[in-house]
Each structure stands twice: as C-alpha cells, then as structure tokens.
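As structure tokens, the structure follows; a few thoughts come after it.
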C-alpha cells in the first residue's frame, strides 16, 4: 500500500541523511570485519548485468595504513610536491581508521555486457557500500585524484586487467560532525524534480 509520506519511511530517512565526510573529520573506530562483510554483502545487491562483479574492495587498516601513507607521499613527491605537502597526502592514509581501495575489473571484450554497463555496476556497488556504512553509523568519503594513476599505487592494488578507481576513507564522525549529521544532511544541489522527468 502506498505511504502517504514516503520520505518518512525509516530506511528512506537513513539514506537521505547520508553525506560525505572528509578524512580530517574521521576518528576511531572504523568498521570491523563483520561490519565490512555486511557492507560488501549490500554492495553485491547492486544491479550487475550478467553478474560479472566487475569490482573489488581492498581493505587497508592497522599497520597497512603506514604503508599506504608512504605510497601516497611517494606519489606526491613524484608529482612535484615538496616534502611538507607530500606529508599531508600521507596523513590522509594515516588518519582514516579504515581505507578501502576501489578496484575495477572491466571485461572490455565481454560479448553481452559493454564496458559502460560494468562501470555502472561498480558505481552502484560503491553507493551501496557507502550507504551501508552510513546505516551502521559510520561516515566516509570517496577519494581519487591523480595518484590513482601512479604506477606504484596501481601495482600495489591492481592485478592484470584491473584499474584503481580510488579509495573510500571510513571511520566515525568526530563530535562536531556527528551532531551536524544528527541535525540532518545538507540540502542536495539538485532536487527530485530536476532529475525525475516525464517522457515523452
């Protein structure tokens, strides 16, 4: 039966309250193994033509954060940044309680599913992953930038035929931003009427 106010549905309300939160506002704890597994299970419910699963999530936490930080700093130096600025890049890996590398596995020669549909499946899975993190009480943000193309980072995260898309930084919102989230997410740049259009 249709609801008189679908926006009041508890699941919809949770989804509408999600927003991205930068690394500098993330604190411990991050999601544990069971929670990450639940988030991955939700990601796998995303639309995926022919069930190719053209994505992988590689989890960085604990001591591995320092190794990722070193790779971020190397990429920064190779891009011409000085040591201080490269260190800031590294701190993004150190600060996030959990970082998840998002890797694409696109089969360019698939006879049924073109590449653009596989990329859509990856994007949908990423959105599901972030929504599940939010539903579990965590905050985070998708990060990318030029360093995804750095050979050392590609070699660290990708196997043959894989592409590094970026990283999801995950953790708990700090006190200031936790209260802001409780008050409600920022207004979206677009509104439903801007994207939900009649045809013809």
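Read the figures in this text as sums done on the coordinates, not as results from a lab. These figures come from a predicted structure and were not determined experimentally. Counting neighbours? That spans all protein chains shown, and the Cβs are built from the backbone with ideal geometry, glycine included.
Values of log10 I(q)/I(0) for region 66-126 across q = 0.16, 0.19 Å⁻¹ run -0.67, -0.74, by the Debye formula with one identical scatterer at each alpha carbon and no solvent. Only helices enter this figure: runs of n ≥ 4 DSSP H residues, each worth -39500 (n - 2.57), summed and divided by the residues of the chain, yield -13000 deg cm²/dmol at 222 nm to the nearest 500. For the peptides 95-105, 57-67, the ranking by mean Cβ contacts within 10 Å, running from highest to lowest, is 95-105, 57-67. For the Cα trace of region 1-98, dividing Rg by the Kirkwood Rh returns an Rg/Rh value of 1.11.
Its convex hull of Cα atoms gives region 99-158 a direction-averaged projected area, equal to a quarter of the hull surface, of 5.1 nm². Across all directions, the average flat footprint of the convex hull enclosing the Cα atoms of region 21-173 is 8.9 nm². Judged by the gyration tensor of its Cα atoms, with axes a ≥ b ≥ c, region 101-200 is oblate; a/c meets the 1.5 cut and b/c is at least as large as a/b.
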